[in-house]
Amino acid sequence: MHFTYRQLKVFEAVARHLNYTRAAEELHLTQPTVSMQVKELAEAVGLPLFEQIGKKTYLTEAGRELLMSTREIFDAWDRFTMTVDNLKGLSRGKLRVAIVTTAKYFVPRLLGEFVSRYPDIEVALEVANRDAVVERLSNNLDDLYVMGVPPPSMPLKIEPFLANPLVVIAPKAHALAGRTRVPINALATERFIQREKGSGTRLASERHFADLGMPMNIKMELGTNEAILQAVAGGLGIAVLSRHTIGRHAEEIGVTELDVAGFPIERSWYIVTPEGKKLSVIAKAFHDYLLQVREASNVSAPNA
């Protein structure tokens with residue numbers, strides 16, 4: 001049976017997404033290339049790996065067995081490359097980090113500062129919504145993960161390292177702008193703009209409003225923080241977002257932070273790894289670097 005490592009990478013991506021187009025996008029390949037790689041692998045195995053029922057793609061029994069074996073091969077290869085990287089120390093190697101979309105406002109800067117210390121290392125940064133990051137975490141595709149709401153049902157090591165306050169954002173001309181200690185019930189009739197279901201920010205804000213005994217009147221869902229900021233600036237509603245999202249640019253965006261009782265929601269950003277995962281020298285160095293950020297920002301305990 002003859003196959004290549006590249007064919008296994010393509011197969012694993014298709015098996016994980018059960019979608020050729022999404023696998024091609026992830027691997028930066030064309031869909032015909034992905035289809036051809038899977039076809040050649042199936043011919044080498046001698047059995048079909050996927051079956052199409054209607055518009056849905058499913059793994060065959062042979063495909064499921066190959067997926068388990070493929071991940072064992074990848075794990076073995078990762079252990080080998082980790083050993084090689086450890087022998088080389090921090091002079092070379094690859095760091096793989098996956099973060100939720102809101103973390104893109106600060107993690108790249110932290111990565112830049114880290115890489116300036118070790119300029120010869122290679123960095124792969126995956127930015128995705130929370131559900132996609134949780135999927136990558138469950139498949140152990142990266143060295144470590146940064147998110148605001150780690151999944152509670154997985155065996156994980158979770159370490160807070162940076163404050164992540166969630167605040168209420170409104171247009172600069174909003175009637176409540178400039179007022180102090182606005183009571184939470186003043187937001188009862190407001191139209192809220194939120195991220196998609198499953199978003200960490202949405203989970204945290206809905207939980208907070210439920211604890212306060214007031215449901216959120218969600219009238220619009222948008223897929224990015226940038227789109228939400230523009231919608232708020234345009235007067236379509238108000239939103240709860242991480243303060244990291246607006247940074248120092250609230251004025252030029254056209255939004256303002258409301259001073260609402262019960263806000264900000266005090267949250268943390270977390271370093272998340274599968275329980276028992278052994279980090280490479282490079283990943284351990286970046287992990288420790290993030291903990292230095294924690295010491296500087298005085299974040300000391302989880303609050304998820």
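Every number in this text was worked out from the coordinates using simple rules, so none of it is lab data. Just so it is clear, the structure is predicted and the values come from calculations on it, not from any experiment. Reconstructed Cβ throughout: ideal geometry from the backbone, glycine too, with neighbour counts over all protein chains shown.
Taking Cα centre as origin and charging only the Cβ of basic (Lys, Arg, +1) and acidic (Asp, Glu, -1) residues, the dipole magnitude of region 166-258 rounds to 140 debye. Here region 14-121 is treated as a Stokes sphere of Kirkwood radius computed over C-alpha pairs; at 37 °C and 0.692 mPa s its diffusion coefficient rounds to 193 µm²/s.
In percent, how large is the relative contact order of the chain, given Cα pairs closer than 8 Å and 6 or more residues apart?
Details: 469 pairs, mean separation 66.1, N = 304.
Taking the mean separation of contacting Cα pairs over the length of the chain, I get 22 percent.
Full extension of the segment from residue 117 to residue 35, taken as 0.36 nm per residue of separation minus the current Cα-Cα distance, would add 25.4 nm.
Would you mind calculating the gained length between residue 80 and residue 6 on full extension (0.36 nm times residue separation, minus the Cα-Cα distance), in nm to one decimal? Don't jump to the answer; show the numbers that get you there.
Values: separation 74, 0.36 × 74 = 26.64 nm, distance 1.73 nm.
Stretched out fully, the residue 80 to residue 6 stretch lengthens by 24.9 nm.
For residue 55, the lysines whose Cα falls under 23 Å of its own Cα, not counting residues fewer than eight places away in the same chain, are 39.
Count neighbours as other Cβ atoms within 10 Å of each site's Cβ, and list the trypsin sites (Lys or Arg not before Pro) in region 194-276 that are DSSP loop with at most 13 such neighbours. Walk me through the intermediate numbers first.
On the way: sites: 195, 197, 202, 207, 219, 243, 248, 267; in loops: 195, 197, 248, 267.
When the trypsin sites (Lys or Arg not before Pro) of region 194-276 are filtered for loop state and at most 13 Cβ neighbours within 10 Å, 197, 248 remain.
Only Cα pairs under 8 Å and 6+ residues apart enter the sum, and on that basis the relative contact order of region 166-258 stands at 50 percent.
Normalised by 2.2 N^0.38 Å, with N the number of residues, the alpha-carbon radius of gyration of region 5-69 equals 0.99.
Of the options 83, 175, 23, report the single residue whose Cα projects farthest towards the positive end of the charge dipole of the chain (beta-carbon charges: Lys, Arg +1; Asp, Glu -1). The residue sitting farthest along the positive end of the dipole is 175. Close amide H contacts of residue 269 (hydrogens built in the peptide plane, cut-off under 5 Å, sequence separation of 5 or more or a different chain): 161, 162, 163, 164. Applying a length cut-off of 27 Å (Cα extent along the axis) and a mean Kyte-Doolittle floor of -1.0 to the DSSP H helices of the chain leaves 61-88. Among 231, 239, 13, determine the one that fluctuates most according to a GNM of the chain built with springs between C-alpha atoms less than 10 Å apart. Highest fluctuation of the listed residues: 13.
Trypsin sites (Lys or Arg not before Pro), restricted to region 50-79: which are DSSP loop and have at most 12 other Cβ atoms within 10 Å?
Answer in residue order: 55.
Output the direction-averaged projected area (hull surface divided by four) of the convex hull of the alpha-carbon atoms of the chain, in nm². Intermediate values should be presented prior to the final figure.
Values: hull surface 75.1 nm².
Mean shadow area of the hull around the Cα atoms is 18.8 nm².
Kirkwood-type hydrodynamic radius, region 166-258: 13.1 Å, calculated from all non-identical alpha-carbon pairs. The Cα atoms of region 38-78 cover 36, 19, 14 Å along the three principal axes, with the biggest extent listed first. In plain terms, the chain is cut at each of the GluC sites (Glu not before Pro) found in a DSSP loop with at most 12 other Cβ atoms within 10 Å, and the longest leftover piece is 1-265.
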